[in-house]
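The values are calculated or read from the model by the stated rules, or taken from the named source; none is laboratory data. As the structure is a computational prediction, the values presented were derived from the model and not from experiment. Cβ sites come from the backbone with ideal geometry, for glycine too, and all protein chains shown count toward neighbours.
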Amino acid sequence: MNNIGIYVHIPFCVSKCRYCDFFSQNGTDEEMSRYTAAVNKSLIEWGSKLMRSADTLYIGGGTPGAIGAERLISIAAAARSAFNLRNAEITAELNPSSADNSFNFELLRRGGFNRLSIGMQSANDNELSRLGRTHTADDIRTAVRRARAAGFENISLDLMLCIPEQTNESLIRSIEYCAELGADHVSAYILKIEEGTPFYEERELLTLDEDAQTERYMLACERLEKLGYSQYEISNFARRGKESRHNLKYWNGDEYLGIGCAAHSYLNGKRFYTARSFEEFYDGVIHEDGSGGSVEEYIMLRLRLTEGLTQRDFRARFGTDIPDEYYQRAKRFEDNDLVVCNTEAIRLTRKGFLVSNSLIAEII
């Protein structure tokens with residue numbers, strides 16, 4: 001059987017950013033220890049139940065760095081014991097503000113972590129302040145420098161597009177800062193304003209029109225490409241060989257197990273999740289979320305990749321060529337430079353990525 005991926009959600013943050021809708025809160029040392037113990041217990045139980053191997057572990061949040069290197073290492077050790085993690089990509093998300101001198105990068109590296117995803121968001125202090133971030137551009141540089149010194153050779157930086165106070169010029173500065181710091185991977189996301197966040201109350205003032213969003217996105221893609229980052233997914237860019245192995249599992253329709261509050265899973269054709277609730281996680285409550293693995297779902301996921309939906313991979317998954325009906329629907333958008341179709345694949349263009357949700361819905 002193929003190796004699965006493992007995702008662990010850490011629901012703790014020092015403070016909440018103005019745009020954030022993820023499940024997270026401030027936590028005491030006692031609460032973080034209890035949660036870590038519950039995660040480790042869950043990993044061991046699932047390992048015994050599934051008897052599967054995994055080759056990626058991604059610890060996200062929240063702010064995983066908030067629980068400290070020692071607790072993160074204990075989670076990796078439990079995953080390694082339960083799922084035979086070998087030659088695995090093991091990632092932890094960190095915020096520059098949580099990666100100060102008290103955070104032990106060296107210990108984290110010795111504990112088996114080999115990839116970091118650092119929440120940069122912007123290299124401009126005025127933009128960071130507006131987002132509610134607690135770090136500065138200098139903090140980002142310090143975090144990356146300390147991570148490199150500890151031996152990390154795979155570092156991803158998050159970058160937000162279309163945020164308050166951002167201009168084309170300031171976005172270029174942020175992108176060039178990523179390259180200057182030697183980032184191996186950049187995730188560049190357009191700000192999505194979620195209901196229930198402080199930004200939602202300002203949404204009419206903060207939301208850029210479609211043309212402005214298109215310009216900003218295209219600018220980011222082109223500048224990142226010029227700096228040596230190849231786009232491999234709608235929002236993700238990497239140096240050669242530094243693509244996120246874990247996230248590729250999602251887009252390839254592969255199996256994964258989610259552990260912790262608000263974590264989702266896809267195993268054995270079924271989707272399920274844990275609610276945004278500490279109590280339900282501690283009690284082991286699982287919610288079913290329907291079946292997975294259909295042709296339509298696979299097409300939807302693969303069209304997020306620049307490689308697109310290929311005949312080669314479709315045949316490997318389903319034992320047949322891509323049905324002609326999908327080609328026919330996709331071809332309608334070629335003249336608008338939204339889709340490229342040939343005998344080997346269907347893929348969206350960058351222009352198509354900007355309207356991917358509606359475009360993919362039309363194709364499937």
Quiz item: Among Gly352, Gly284, Gly293, Gly319, which is loosely packed, with under 12 Cβ neighbours inside 10 Å and closer than 28 Å to Glu243 by Cα?
Solution: Gly319
Practice problem: Using the structure shown, decide if Leu257 is assigned to a strand (DSSP E or B), touching a Phe, Trp or Tyr at 6+ places or on another chain (Cβ under 9 Å), of a type outside the set (Gly, Ala, Ser) and within 20 Å of Phe83 (Cα to Cα). | Solution: yes
Quiz item: Has region 92-111 got at least one residue that is hydroxyl-bearing (Ser, Thr, Tyr) and modelled with pLDDT of 95 or more?
Solution: no
Quiz prompt | Residue in region 261-280 that is assigned by TED's automatic domain parsing to the domain that holds Cys162 and either of a type in the set (Phe, Trp, Tyr) or farther than 26 Å from Ser117 by Cα (or both) present | solution = no
Quiz item: How many residues does region 1-22 hold that are of a type in the set (Phe, Trp, Tyr) and over 23 Å from Leu159 (Cβ atoms)?
Solution: 1
Quiz item: Within the bounds of region 342-351, is there any residue that is touching a Phe, Trp or Tyr at 6+ places or on another chain (Cβ under 8 Å), under 30 Å from Leu43 (Cβ atoms) and touching a residue at least 12 places away in the same chain (Cβ under 8 Å)?
Solution: no
Quiz item: Looking at region 265-285, is at least one residue under 25 Å from the mean Cα position of the chain (by Cα), farther than 30 Å from Ile10 by Cβ and in contact (Cβ under 8 Å) with a residue 24 or more places away in the chain?
Solution: no
Practice problem: Tell me, please, whether a residue that is in the same structural domain as Pro198 (by TED's automatic domain parsing), buried (at least 16 other Cβ atoms within 10 Å of the Cβ) and of a type in the set (Asp, Glu) can be found in region 18-38. | Solution: no
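Take the residues in region 296-316 that are in a loop (DSSP other than H, G, I, E, B) and in contact with a strand residue (DSSP E or B) (Cβ under 6 Å, 6 or more places away or on another chain); name whichever of them is surrounded by the fewest Cβ atoms within 10 Å (Cβ to Cβ).
Thr306
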Quiz item: Among the residues of region 235-247, is there at least one that is in the same structural domain as Asn40 (by TED's automatic domain parsing), surrounded by 19 or more Cβ atoms within 10 Å (Cβ to Cβ), among the aliphatic types (A, V, I, L, M) and not in a strand (DSSP E or B)?
Solution: no
Exercise. Hey, can you tell me all the residues within region 2-25 that are touching a Phe, Trp or Tyr at 6+ places or on another chain (Cβ under 7 Å), at pLDDT 85 or above and in a loop (DSSP other than H, G, I, E, B)?
Key: Pro11
Self-check item: Any chance Glu255 is acidic (Asp, Glu), modelled with pLDDT of 95 or more and farther than 21 Å from Val39 by Cα
Solution: no
Quiz item: Any residue in region 43-53 that is out of contact with any His (no Cβ under 9 Å at 6 or more places or on another chain), among the small types (Gly, Ala, Ser), modelled with pLDDT of 95 or more and in a loop (DSSP other than H, G, I, E, B)?
Solution: yes
